[in-house]
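Please read the structure below before turning to the comments.
The values are calculated or read from the model by the stated rules, or taken from the named source; none is laboratory data. Because the structure is a prediction, the values reported are computed rather than measured. Note that we place each Cβ from the backbone using ideal geometry, even for glycine, and neighbour counts take in every protein chain shown.
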Amino acid sequence: MKPIRRLALAVLASTLFAGSAGARTADEVVKSGTLRVATEGQFAPFNFFQGSKLAGFEIDIAEAIAARMGLKVEWKAIAFDALLTGLQQDRWDLVIASHGITDERAKAVTFADPHYCSGGVVVSRTDAIKTAKDLAGKVVAVQTGTTYLGSVKKLPGVKEVKNFPQDNNARQALQSGRVDAWVTDKFLAKTALEADPKAGLKMGDFLFVERIAPAVALGNSTLAAQVNKALAALLADGSYARISAKWFKEDIRCK
């Protein structure tokens, strides 16, 4: 789930940071005073650019987690499909960019506890396309590197799956009539429809539900534990609820 940023800035940010010799443990991160966090910056309202500054639900959550750990955040913005690769190369400590937990991803990185639950929904320009069955014979847009891409490809009868580097590109393809449907995150779709009701887009049913979580380098259990401890505190003291209400007018924690 990703629009609104500056790709040039994202690429620059990603290239200015050299890889480290290995993943930093929680103690090493705390000693440095800085948590290096990567995100996409193109997935409003979760993570996006307002001018040259990152904003969004996940940005606020990560900042709050870092504050609980007594740390400042050093942000990096990069294309979605390169985020976990950069984590494996120890270029940053944490990724928070609406990654759904999957068995395949869990072989490459270690997930912290989920910071929200959501899922992929069908979005179209007609009430006739609302369910998985309705996608039979249709051309469907999704973002590259997302769980939506694999899920839509598994649906029987889909005519074609077109993947786009950014989620807003997939939405634009639907609005311009180049595809019949767009599959994206529920909350992103809801925000997009509310922001531009004249576009005539309609949100249909869930294709699947998933848990979304931050990730650290594979096996970096000490850092994952500290992130989990900080997130649990935010959930318990009302901070999470306030951040969620700010962006969604509801609490989107996993129930």
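Brief remarks follow.
- Residue satisfying condition, being of a type in the set (Phe, Trp, Tyr) and modelled with pLDDT under 95, within set 17, 57, 49: 17
- In summary, strands (runs of 3 or more DSSP E) completely within the stretch 171-255 and bearing 3 or more residues that are touching a strand residue (DSSP E or B) at 6+ places or on another chain (Cβ under 7 Å) and over 16 Å from residue 114 (Cα atoms) occur at 181-185, 202-212.
- Within the stretch 176-201, the set of residues being crowded, with 16+ Cβ neighbours inside 10 Å, touching a helix residue (DSSP H, G or I) at 6+ places or on another chain (Cβ under 9 Å) and not aliphatic (A, V, I, L, M) comprises 180, 182, 184, 185, 187, 190, 191.
- When the residues of the stretch 34-54 are filtered to those that are surrounded by 19 or more Cβ atoms within 10 Å (Cβ to Cβ) and among the polar types (S, T, N, Q), the one that is nearest to residue 251 (Cα to Cα) is 47.
- Considering the stretch 34-101, the qualifying strands (runs of 3 or more DSSP E), each wholly inside and each with 1 or more residues that are in contact with a Phe, Trp or Tyr (Cβ under 8 Å, 6 or more places away or on another chain) and over 21 Å from residue 191 (Cα atoms), run over 34-39, 72-77.
- Verdict on residue 144 being outside the structural domain of residue 81 (by TED's automatic domain parsing), touching a helix residue (DSSP H, G or I) at 6+ places or on another chain (Cβ under 7 Å) and not aromatic (Phe, Trp, Tyr): yes
- Filter result (in a loop (DSSP other than H, G, I, E, B) and touching a helix residue (DSSP H, G or I) at 6+ places or on another chain (Cβ under 8 Å)) within the stretch 148-157: 155, 157
- Selection status of residue 220, surrounded by 23 or more Cβ atoms within 10 Å (Cβ to Cβ) and among the polar types (S, T, N, Q): yes
- Residue in the stretch 21-30 that is surrounded by 21 or more Cβ atoms within 10 Å (Cβ to Cβ), within 26 Å of residue 242 (Cβ to Cβ) and of a type in the set (Gly, Ala, Ser) present: no
- Residue identified as of a type in the set (Ser, Thr, Tyr) and under 27 Å from residue 168 (Cα atoms) among 52, 32: 52
- For the stretch 88-99, the criterion of being closer than 23 Å to residue 163 by Cα, surrounded by 19 or more Cβ atoms within 10 Å (Cβ to Cβ), assigned by TED's automatic domain parsing to the domain that holds residue 46 and small (Gly, Ala, Ser) is met by at least one residue.
- Residue that is surrounded by the most Cβ atoms within 10 Å (Cβ to Cβ), among those in the stretch 158-175 that are in contact with a helix residue (DSSP H, G or I) (Cβ under 8 Å, 6 or more places away or on another chain) and among the polar types (S, T, N, Q): 166
- Residue in the stretch 102-123 that is nearest to residue 41 (Cα to Cα), counting only those that are under 13 Å from the mean Cα position of the chain (by Cα) and in a loop (DSSP other than H, G, I, E, B): 115
Residue-by-condition table, conditions (1) under 21 Å from the mean Cα position of the chain (by Cα); (2) more than 30 Å from residue 136 (Cα to Cα):
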{"site": "173", "(1), (2)": "yes, no"}
{"site": "188", "(1), (2)": "yes, no"}
{"site": "200", "(1), (2)": "no, no"}
{"site": "203", "(1), (2)": "yes, no"}
{"site": "207", "(1), (2)": "yes, no"}
{"site": "236", "(1), (2)": "no, yes"}
